[in-house]
Amino acid sequence: MSPVTHASAPLLLIRDLVSHYGAVSALKGIDLAINTGEIVTIVGANGAGKTTLLRVISGLNPPTSGQISFAGEEISKLRANVRVKRGMCHSPEGRQVFADLSVLDNLMLGAFSRTDRHAIHSDLDHVLALFPILKEKLALPAGTMSGGQQQMLAIARALMGKPRLLLLDEPSMGLAPLIVKEIFSILVRLRSEGITILLVEQNAAAALKIADRGYVLETGRIVTSGPASELLNNDDIRRAYLGH
């Protein structure tokens, strides 16, 4: 695992974050911090609030109350597209690629907020080097690809936004173990390139093995947190989330 470079203040700092779906309280006072250069994972059962947390951070869902600070700026009232321009890019649960558009068009949509044409094409070359299968399928409709290939496209599309913080929601869902291993090795490489990652993942063992730190979310609350290696060896967490 590569050394983590901590900035003087967290890149992402969340304090007492509350969010509702109608009358239902989905997040109940979340406190969370992510330092520059880390992979931080959120683990928890279905319905714990993991996806909601990412959607509130990225601006897709509104918070009821609380603070979200990104790179020292309070962003809880900023629109999602403005957060993308600040360097926060989200690869959602279920991939959500544009099935009828080509792989290339999907990738270029990830750069919608950018105007630096030369850098965009340089970044396109880079993501195609990270995910060589996408280069082979650039002209094909995204919907013709396998689930694993579409997941790679969803991550690559988010990378085209040039993120400082990459939000990933369940990247291993429904994928074969070899594809999961390949995707997670790419996440480690992205960290070494300076991208900070917040990873929501049902496969807690795989996520904690590559993460620097982790948070455990239960019914909208953080119940424990710490270095990923400690969480992996915590008996309660092993029984609840690691299957042994």
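The values are calculated or read from the model by the stated rules, or taken from the named source; none is laboratory data. Being a predicted model, the structure only gives us computed values, none of them experimental. Cβ: placed from backbone, ideal geometry, glycine included. Neighbour counts: every protein chain shown.
Identify all residues within region 171-204 that are surrounded by 15 or more Cβ atoms within 10 Å (Cβ to Cβ), free of Cβ contacts under 8 Å to residues at least 40 places away in the same chain and out of contact with any strand residue (DSSP E or B) (no Cβ under 8 Å at 6 or more places or on another chain); write none if there are none.
Ser172, Leu175, Ile179, Val180, Glu182, Ile183, Phe184, Asn203
What single numbered condition from (1) assigned to a helix (DSSP H, G or I); (2) of a type outside the set (Lys, Arg); (3) more than 12 Å from Ile57 (Cα to Cα) fails to hold for Phe98?
(1)
Which one of these does Thr144 not meet: (1) under 23 Å from Leu13 (Cβ atoms); (2) among the hydroxyl-bearing types (Ser, Thr, Tyr); (3) not assigned by TED's automatic domain parsing to the domain that holds Leu242?
Checking Thr144 against (1) under 23 Å from Leu13 (Cβ atoms); (2) among the hydroxyl-bearing types (Ser, Thr, Tyr); (3) not assigned by TED's automatic domain parsing to the domain that holds Leu242, the one that fails is (1).
Would you point out which residue out of Leu168, Leu104 is out of contact with any Cys (no Cβ under 8 Å at 6 or more places or on another chain), surrounded by 14 or more Cβ atoms within 10 Å (Cβ to Cβ), touching a residue at least 40 places away in the same chain (Cβ under 8 Å) and hydrophobic (A, V, I, L, M, F, W, C)? Full working, then the answer.
Working: Leu104 fails: touching a residue at least 40 places away in the same chain (Cβ under 8 Å).
Only one candidate qualifies: Leu168.
Tell me which residues, restricted to region 60-75, are in contact (Cβ under 8 Å) with a residue 40 or more places away in the chain and either farther than 20 Å from Arg114 by Cα or part of a strand (DSSP E or B) (or both).
Step one: list which residues in region 60-75 are in contact (Cβ under 8 Å) with a residue 40 or more places away in the chain, which gives 61-72.
Selection gives Asn61, Pro62, Pro63, Thr64, Ser65, Gly66, Gln67, Ile68, Ser69, Phe70, Gly72.
Among Gly66, Gly87, which is the only one that is of a type outside the set (A, V, I, L, M), surrounded by 14 or more Cβ atoms within 10 Å (Cβ to Cβ) and touching an Asp or Glu at 6+ places or on another chain (Cβ under 6 Å)? Even if it seems obvious, please write down each step before you answer.
Working: Gly87 fails: touching an Asp or Glu at 6+ places or on another chain (Cβ under 6 Å).
Unique residue meeting the criteria: Gly66.
Here are some conditions: (1) under 22 Å from Ala207 (Cβ atoms); (2) polar (S, T, N, Q); (3) touching a strand residue (DSSP E or B) at 6+ places or on another chain (Cβ under 6 Å). Asn35 meets all but one. Which one does it not meet?
Result: Asn35 fails condition (3) only.
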